[in-house]
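To keep things clear, I will list the structure first and then write my remarks on it.
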Amino acid sequence: MKKFLDLGYQPLANSYLNSKKLKHKEKKFKLEVGFNTKNYLVSILKTVTKEKMFNKDYPYKSSESLTMRAQFKKLSQKLKKKFKPNLLLEIGSNDGAFLRNFDKRNIIGVEPCKNLATITSKIGYKTFSSYWNKKLAKKITQKKKIDLIYSANTLSHIKNYTEIFNAVNISLSDKGVLVLEDPSLLECLKKVAYDQFYCEHIYVFSTIALQKILNKFNLEIFDIDNLKTHGGSNRYYIKKRLNKLYKISKSVSKNLDKEKKYGLNKFITYKIFSKKVQNSKKKLNKIFDALINNNQKIIGYGATAKSCTVLNYCKIKKGTINFFYDTTSYKIGKFLPGSKIKIKKYKKLNKGIADYVFLGAWNFKDEIFEKEKAFIKKGGKFITHVPYPRII
Ligand code: JHZ
């Protein structure tokens with residue numbers, strides 16, 4: 001593993017602080033990112049145990065965004081039409097944004113965070129509050145195998161992918177399909193979106209790396225959708241190698257070619273990215289300094305896990321950004337880890353509240369700009385660091 005990026009000492013991204021915890025020293029870990037020259041996998045070098053990150057207080061809910069809800073609805077219709085699955089399983093079902101689009105008799109959720117698993121259990125969906133592993137796969141599929149396994153923004157969070165794919169091989173029917181959706185490494189590099197790296201994102205996958213890994217498990221990618229979600233993601237359609245029901249679509253070679261052309265299989269590409277990240281930090285700090293010197297009021301929008309990386313790497317603290325707005329009830333009243341900036345309950349933006357708004361949830365820019373039309377009309381401005389630091 002060759003290191004290419006150092007994002008400094010970082011707290012756990014989703015460990016929002018209450019006022020009691022504010023007084024205590026936070027635990028931090030060194031966030032460094034490396035490239036495996038053998039399988040081309042990009043991953044953070046020091047990882048935190050899963051139990052520390054995914055527990056009963058997990059704050060992120062996929063249903064908080066209209067964009068995500070709409071996307072899951074559309075996808076569920078597509079999957080039903082294309083694959084006609086009788087039995088589905090979702091790994092990392094979160095608060096059920098995807099699950100809810102299916103009949104309760106047809107889908108099973110697996111979600112290690114108890115607070116989230118309870119939400120879907122309570123509305124009648126069979127949900128196992130557990131990590132996905134071989135033992136659970138055997139237990140669930142004793143009588144009937146799964147036709148379609150779906151998992152969004154989960155694989156990148158799991159260090160031991162061997163367990164995941166072994167469990168998939170146990171539970172998926174021979175004609176079944178595995179659909180994985182995760183941030184695209186190519187988009188991350190192109191957009192200099194270094195905030196895709198934080199404790200939970202152990203891997204950011206390229207098609208090149210994922211294909212190499214799947215190969216070992218006799219699984220193969222037969223189609224890919226390039227998505228706009230989460231700043232650019234890929235949806236991989238995967239089958240068992242023996243399954244000849246689906247032809248390998250041109251999208252697979254197109255993605256592989258695109259990634260090779262950009263140099264995702266070469267270490268030098270990552271060294272260049274690292275330089276771009278350092279420049280991005282300098283430029284973002286320059287923007288904030290100039291605004292503060294001009295007595296401009298700045299707040300943040302979307303207290304994301306990604307924001308944690310940006311704020312701590314760029315050493316942006318309270319005083320520069322007065323507070324963050326967020327819609328997630330669990331986050332409201334708490335403070336962002338590291339920077340200790342307060343999170344307030346979202347209110348529609350107006351010029352009295354802020355002159356400039358830092359887009360923590362830059363991946364939902366379109367949804368946010370649509371919501372805040374009035375603020376923009378009155379001359380309200382946004383600050384973003386993606387794809388380069390600027391005022392919009
Ligand atoms: P969002 C989390 O990352 C963590 P984050 C996790 N590791 C992951 O992989 C991705 O999700 C999928 C708020 N918001 O989706 C809601 C508003 O307040 O970018 C959320 O707190 N108003 C599992 O945290 C945050 O922003 C709005 O209008 O980086 C969005 O978080 C909208 C649209 C969002 O993921």
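Close contacts from the stretch 54-65, counting a first residue that is open to solvent by less than 30 Å² (accessible area, probe 1.4 Å) and a second that is polar (S, T, N, Q) and near the ligand (Cβ under 8 Å from one of its atoms), with Cβ to Cβ under 7 Å and a gap of 6+ residues or different chains, come to Tyr58/Asn14; Pro59/Asn14; Pro59/Thr328; Ser62/Asn94. Of the numbered criteria (1) free of Cβ contacts under 8 Å to residues at least 60 places away in the same chain; (2) under 21 Å from Asp195 (Cβ atoms); (3) not basic (Lys, Arg), the one Ile268 fails is (2).
State all residues of the stretch 23-45 that are in a loop (DSSP other than H, G, I, E, B) and surrounded by 12 or more Cβ atoms within 10 Å (Cβ to Cβ); if no residue qualifies, say none. Answer for the stretch 23-45, where residues must be in a loop (DSSP other than H, G, I, E, B) and surrounded by 12 or more Cβ atoms within 10 Å (Cβ to Cβ): Glu26, Lys27, Lys28, Asn36, Thr37, Asn39, Tyr40, Leu41, Leu45.
Could you list all residues from the stretch 54-67 that are out of contact with any Asp or Glu (no Cβ under 8 Å at 6 or more places or on another chain) and near the ligand (Cβ under 7 Å from one of its atoms)? Scanning the stretch 54-67 gives Tyr60, Glu64.
Any residue at all in the stretch 148-160 that's among the hydroxyl-bearing types (Ser, Thr, Tyr) and free of Cβ contacts under 8 Å to residues at least 40 places away in the same chain? Looking for residues that are among the hydroxyl-bearing types (Ser, Thr, Tyr) and free of Cβ contacts under 8 Å to residues at least 40 places away in the same chain, one finds none in the stretch 148-160, hence no. The residue that is nearest to the ligand (Cβ to nearest atom), counting only those in the stretch 132-162 that are in a loop (DSSP other than H, G, I, E, B) and closer than 18 Å to Phe98 by Cα, is Asn153. Do we find that Lys114 is more than 21 Å from Lys56 (Cβ to Cβ) and out of contact with any Phe, Trp or Tyr (no Cβ under 6 Å at 6 or more places or on another chain) in this structure? When the stated conditions are applied, Lys114 does not pass them. Against the list (1) assigned to a helix (DSSP H, G or I); (2) touching a helix residue (DSSP H, G or I) at 6+ places or on another chain (Cβ under 7 Å), the condition Leu264 fails is (1).
Just one of the listed residues (Leu210, Leu189) is closer than 30 Å to Ser274 by Cα, touching a helix residue (DSSP H, G or I) at 6+ places or on another chain (Cβ under 7 Å), among the hydrophobic types (A, V, I, L, M, F, W, C) and part of a helix (DSSP H, G or I), and it is Leu189. Of the residues making up the stretch 76-103, those that are out of contact with any strand residue (DSSP E or B) (no Cβ under 7 Å at 6 or more places or on another chain), within 16 Å of Asp147 (Cα to Cα) and either open to solvent by less than 10 Å² (accessible area, probe 1.4 Å) or part of a loop (DSSP other than H, G, I, E, B) (or both) are Ser76, Lys84, Asp103.
The listed residues are Asp182, Asp195, and the only one of them that is within 13 Å of the ligand (Cβ to nearest atom), under 30 Å from Tyr9 (Cα atoms) and part of a helix (DSSP H, G or I) turns out to be Asp195. Candidates in the stretch 316-332 are the residues that are touching a strand residue (DSSP E or B) at 6+ places or on another chain (Cβ under 7 Å) and open to solvent by less than 40 Å² (accessible area, probe 1.4 Å); of these, the one that is nearest to Ala290 (Cα to Cα) is Thr320.
Taken together, Asn106, Asn14 contain a single residue that is at pLDDT 95 or above and open to solvent by 10 Å² or more (accessible area, probe 1.4 Å), which is Asn106.
Considering the stretch 73-105, the residues that are under 20 Å from Ser156 (Cα atoms) and small (Gly, Ala, Ser) include one that is nearest to the ligand (Cβ to nearest atom), namely Gly92. Residues in the stretch 276-317 that are under 16 Å from Ile353 (Cβ atoms), away from the ligand (no atom under 16 Å from the Cβ), of a type outside the set (A, V, I, L, M) and in contact (Cβ under 8 Å) with a residue 24 or more places away in the chain: Gln296, Lys297.
Only residues that are away from the ligand (no atom under 11 Å from the Cβ) and buried (at least 23 other Cβ atoms within 10 Å of the Cβ): list them for the stretch 340-371, please. Within the stretch 340-371, Ile341, Ala354, Val357, Phe358 meet the criteria.
The values are calculated or read from the model by the stated rules, or taken from the named source; none is laboratory data. Just so it is clear, the structure is predicted and the values come from calculations on it, not from any experiment. For neighbour counting, all protein chains shown are included, and Cβ atoms are generated from backbone atoms with ideal geometry for every residue, glycine included. These area figures cover heavy atoms from the full protein model, side chains too; ligands, DNA and RNA do not enter into them. Shrake-Rupley method; radii C 1.70, N 1.55, O 1.52, S 1.80 Å.
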